[in-house]
Structures are given as C-alpha cells and as structure tokens.
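This is the structure, below, for whatever I ask next.
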C-alpha cells in the first residue's frame, strides 16, 4: 500500500532538513566500516589484555582473529525489576555465540536508575541526565574496538534512549537490542489509581497504599503500564531493532530465553563476518525515525519521547522536531488503549495481538514505511509475525493475527479509539510545549482559569492538603527545566490534580518540567520552552493571570495585553539547593550546557 501523503511529506522534509548532517554521519560511518575492528591490528600486549579472562577456546579464536566477537552492553542491576532478568543473559548470549562458532564478551555496564523509585525525591533530578551518562558509558565499553557486533540489554526510561544514542554513535557496528520483557499482571491499573487518589485525600493510610503498590509492582520485569519503559520497547520493535514479536514476552520463560539466544545469533549474522552485514547506522534512518513517531502516536506513548527521539535521531545525523510529532499525530489514529490511556496493561496488549497486529494495522493503512532496513533482514512486513516455541525448544515465527483479540485494547486503523494520536504542540505567548490528550476527555481539552504558581511539586501538594485548591485553576510549576534542576518528572502531581478534577473543578498543569509516560487524565502542557531558568515567558506569569490552554487549537496563552506582557520582567529563583545532595554536585556541568527540551534536552550539543 502507498504510504499516506502526510507520512511521506513529513519524511521528505526531515530528509531535506537533515541532508548535510546525515551526509556527514554516513561519511564517518563508512570510513569506520572500511577500517573494521582494530582487534586484528592490535599490539600483542593490547590484545592479551582484551582476552586475558577468556577461556582457552575463546582466547584461541580471538588470537587467530578468525571469528566474530560480540560485545554485550548491559544495564543489569538487581534492584530494578525490569533489569534484574538481565543477570542471566550474558551466559545465554555467550553460549549462543559459541554454537555458531563465535565469541561474546560483556563490553561494559551502564547505570540504570528507576524513576519509580526516585519520584518526588532528589535523585529524580539526575534521571534525565542519566540518559547521556548511559550513552557515554556504553561508548567507553565499545571504545576498546574489540567487537564486530553488539547487543544492548536495557529496558527502562532513559536506558534505551541512552543506549540508542550510543549505538547510533557507533553506527558502523551492527547491533540488536534485546528486551527483558514485562512482569506478569498484578492488580488492575484502575484499582491502583483509585487507592492513590484515596491516599491523596487522606482516606487510606501508607500501609494500604504500599500494599496496593506492591500488588502492582510485584516481580521481575518491566512495570506493566504503558509508560516510557514500554514505549521504549514498542519503539525498538517498530524501528526494526528487536527481533519480531520479542518485545512483550515475559522474563524467565522458555520463549524469552530462546529469543535472547536467537538475538545474539542474529547480531553475529549481520556482522561483517556474517552473510547479511547491517550496520545500525543504516537501520536508523529518516524512515525508521518516522515509523517510531507513528508508533508513539498510534499507541498513546510516552511524552518523554518528544525529547528522547529527537536526541536519538540527532545522534544519527537526523533533525527531528516537535512540529513533526504534531503533524504526524494529526493523521495517525489512536488504535491501542493501554493504561494510562485505558484499563489494560501491556500483557493484555500483547494477548490482544501485540506488536504484530499493531504493525500490520498501520502498514495496511499506509501509515508506516515498509521499505526500511531492519535487524531481521526484512522490511516491516517481516514483523507481521509472532514467535512460537517448537517441541524441541527451537523457534518458529507464525503470521500474526489480522483481527484483534480484544477490541477494547487494540483496533484496526479503520475503527480507531480516536482519529488522531493525541500528541500536540502548543504555541503562544508562553512559548512552546507539548501535550498528550489521548487520555484526556474531550470536554477538558480547553481550560481557561486563573494561574496558581508554584516552584515545586511539594508546594502544590502542601496547598492541596491545606484545602487551598478547591477552585478552577491552572497550576504553573516552573523552574523545573533541565537547566534549573535536571527536569524531574512531576508525577506526584497527578493524584491531587486528579482528585480536584473529579470534584468538578477545571484544572490544568503548565510546566517546564516533565510528566512522563504516565501522563494521564489531567490536561498538562509540559516541557514549556524556553524554561524559566533561561528567562522563558513562563517566568513572567503572575498569580491570578488568566491562562487559556486550548489543545484543539494548539495554543497556550496568558490573557494579558501585549503591552503589559512586553513590559513584564521574568522572575528569578534561588536554585542553590538544587546543586548539592544525592550526587547533584557532579552534574553541575550538565546543567550549564544542557540544551532545551525541544532540542532533546541533551548535553551533546
């Protein structure tokens, strides 16, 4: 099927906009490909260091330089449920490599922090910056130049974007991303949300809240709601970086292990020593990036990717903008309902047809580029499948369902939940921001109310508990941008604002901070750019100003006269308390050089 006109138009303008930077990227990548891994040219002492800890067989093979060597970059730690399963993966990968006459080594580890643990705490102020630290840490692991291909083990919020930035930077190295899979389903998301709101209202205590949360987050694997972590995993498959159908298979199952072994073998097959050389820099092209944005809109994915995808694309020489997201959203229907955009979790999504159905439905509607390079060696049609285990433990792929098994969770593009994706850019005298409206009811898409100003989410929570917010208002939470304090997620605002909305008040949020993939039912203009620390217009808002957030028209305005607005000066804030504690001292240089949210909030320029 011919690709939709808007998809083609946006792709072409990205190609034109990126022509010079992409050409430079490709030129550098091709030069590295010509050089090949340095292993064969290393001095004897260098090489001896590189395989000193290997077993005799692996050491002999690497010494003769006759087999490919697979580098493993892992985000394993056993505190994070999503990353704990990766403890076993290196052994599976090494064994799989030996089965095909190759060698695999852990090239390096990268940090992996959990936004769920650090929500509302000081550590959250390092969360966004951890993405770029992860990219640099992966680069250190690969800098030994010992490897013919790489596999990346990571799942969660900043980990996959950081690993993708590193993979793009080492674009000459073929690479496969290997998911860990979601934990099994716990209590329903609706029940969990109700307990959170009851706690916010003081109707249940900490013991009841902890019991509820522990029943939701209860075992190994990714959290099952559709936040940034699972949006990451969707992106890796729809962009052709996972094996088909591997994304949402639960950890510690025979199928998960078989897919891990097969991913390692596939990475070796697409190395220069294999028969299907596919450097990742050729996979991550403009069409793949557009496919990622389409998938994000079609599933109501994480708002964090309005920054992460821009940074990932930039690492491959591609210039993606917020306007691209918004223009694609206008023609991409929402065809998945997964919490917080519905009651189902990702296990229900997978059971309803999962990625195979999703990709097929979007291809049938002409909303994806089929003619892309993938690690599987096919275009995207090769991803209209799902993996199964044979009796002997080997893998086979069967055609994915063409009919949703649950139309409350997944639908074809011809019968969507809503006609647009729900990611929109808002523009006006407050600057530019993004909003996700896929979970916001239509009668709340336009909010006009007086501003109530806070400089932390704790201040709003205090006012809520004191009963000072029982009214229509727009909460302006400023000095939360990357320069100010690392741009923490403000997810703790969701319960009190949700309570007030349920009480019948018109409420909305405007912030230069983040609200994450858990952005829910309250209209929220987030990532406001320029940020308050940079003298942005959000720092000129005064208590009681009437703010109009219009998601339908795509506007965000303070309703004061142009003369008065121009005459106002931006307020400043003493941010010295953001500069110390929990390691924040070490990130001072990041806060000084970080770019704007609209440019990916990156320290790499």
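Every read-out reported here was derived from the displayed coordinates using simple, explicitly stated rules and does not represent laboratory data. Computed from a prediction, not measured in an experiment: that's the story for all the values here. Backbone-built Cβ (ideal geometry, glycine too); neighbour counts: all protein chains shown.
What are the semi-axes of the equivalent ellipsoid of segment 1-157, taken as the square roots of 5 times the eigenvalues of the Cα gyration tensor, listed largest first and rounded to whole Å?
Each semi-axis is √(5λ); the values are 32, 26, 16 Å.
What ratio of Cα Rg to 2.2 N^0.38 Å holds for segment 371-493?
This ratio for segment 371-493 stands at 1.67.
Take the Cα pairs of segment 298-348, get the Kirkwood Rh, then feed it into Stokes-Einstein at 10 °C and 1.306 mPa s and tell me D in µm²/s.
Stokes-Einstein gives a translational diffusion coefficient of 129 µm²/s.
Quick one: grab Rg to one decimal and Dmax as a whole number for segment 212-270, Cα atoms only, in Å.
Using the Cα atoms of segment 212-270, the pair Rg, Dmax is 13.3, 45 Å.
Return the calculated 222 nm mean residue ellipticity for the chain, to the nearest 500 deg cm²/dmol, obtained by summing -39500 (n - 2.57) across DSSP H runs with n ≥ 4 and dividing by the residue count.
So the calculated ellipticity at 222 nm is -11000 deg cm²/dmol.
If you take every DSSP beta bridge whose two residues both sit in segment 427-579, what share of them, in percent to the nearest 5, is antiparallel?
50
What distance in nm lies between label points placed 7 Å from Cα along the C-beta direction at residue 143 and residue 429?
Roughly 5.0 nm, to one decimal.
Can you work out the base-10 log of I(q)/I(0) for segment 467-545 at q = 0.25, 0.27 1/Å, using the Debye formula on its C-alpha atoms alone?
-1.18, -1.27
Same structure, new question: Could you give the distance between the Cα centres of segment 555-584 and segment 437-481, to the whole Å?
With segment 555-584 and segment 437-481 each reduced to a Cα centre, they are spaced 16 Å.
Moving on to the next point. Give the average over all directions of the projected area of the C-alpha convex hull of the chain, one decimal, in nm².
Its average projected convex-hull area is 26.8 nm².
Working from Cα positions, state the angle (0 to 90°, nearest 10) between the long axis of helix 159-169 and the longest principal axis of the chain.
Orientation of helix 159-169: about 60 degrees from the principal axis.
Oh, and also: Which three numbers, in whole Å and largest first, are the semi-axes of the equivalent ellipsoid of segment 374-441 derived from its Cα gyration tensor as √(5λ)?
Largest first, segment 374-441 gives 38, 17, 11 Å.
Please work out the ratio of the alpha-carbon Rg of segment 177-219 to 2.2 N^0.38 Å and round it to two decimals.
Normalised Cα radius of gyration, segment 177-219: 1.39.
Please report, in whole Å, how far the alpha carbons of segment 423-599 spread along each principal axis, starting with the longest.
Projected onto the principal axes, the Cα atoms of segment 423-599 cover 45, 37, 31 Å.
Over the alpha-carbon set of segment 503-570, divide Rg by the Kirkwood Rh and report the Rg/Rh ratio to two decimals.
Computed over Cα atoms, the ratio is 0.98.
Running Debye on segment 204-330 with equal point scatterers at the Cα sites and no solvent, what base-10 log of I(q)/I(0) appears at q = 0.09, 0.20, 0.21, 0.22 Å⁻¹?
For the requested q values the scattering log ratios are -0.36, -1.17, -1.21, -1.26.
Same structure, new question: Return the percentage of antiparallel bridges among DSSP beta bridges fully within the chain, rounded to the nearest 5 %.
45
Using alpha carbon centroids, what distance separates segment 315-356 and segment 215-272, in Å?
17
Helix 127-142 sits at what angle to the longest principal axis of the chain, using alpha carbons and giving 0 to 90 degrees rounded to 10?
10
In vacuum, with every alpha carbon of segment 92-198 counted as one equal point scatterer, what does the Debye formula give for log10 I(q)/I(0) at q = 0.14 Å⁻¹? Two decimals, please.
Log10 I(q)/I(0), no solvent term: -0.69.
Taking Cα atoms, how many degrees apart are the long axis of helix 206-216 and the longest axis of the chain, rounded to 10 and kept between 0 and 90?
Result, in degrees: 40.
Dividing the Cα convex hull volume of segment 154-275 by residue count, how many Å³ per residue is that?
Measuring per residue, one finds 106 Å³ for the Cα hull of segment 154-275.
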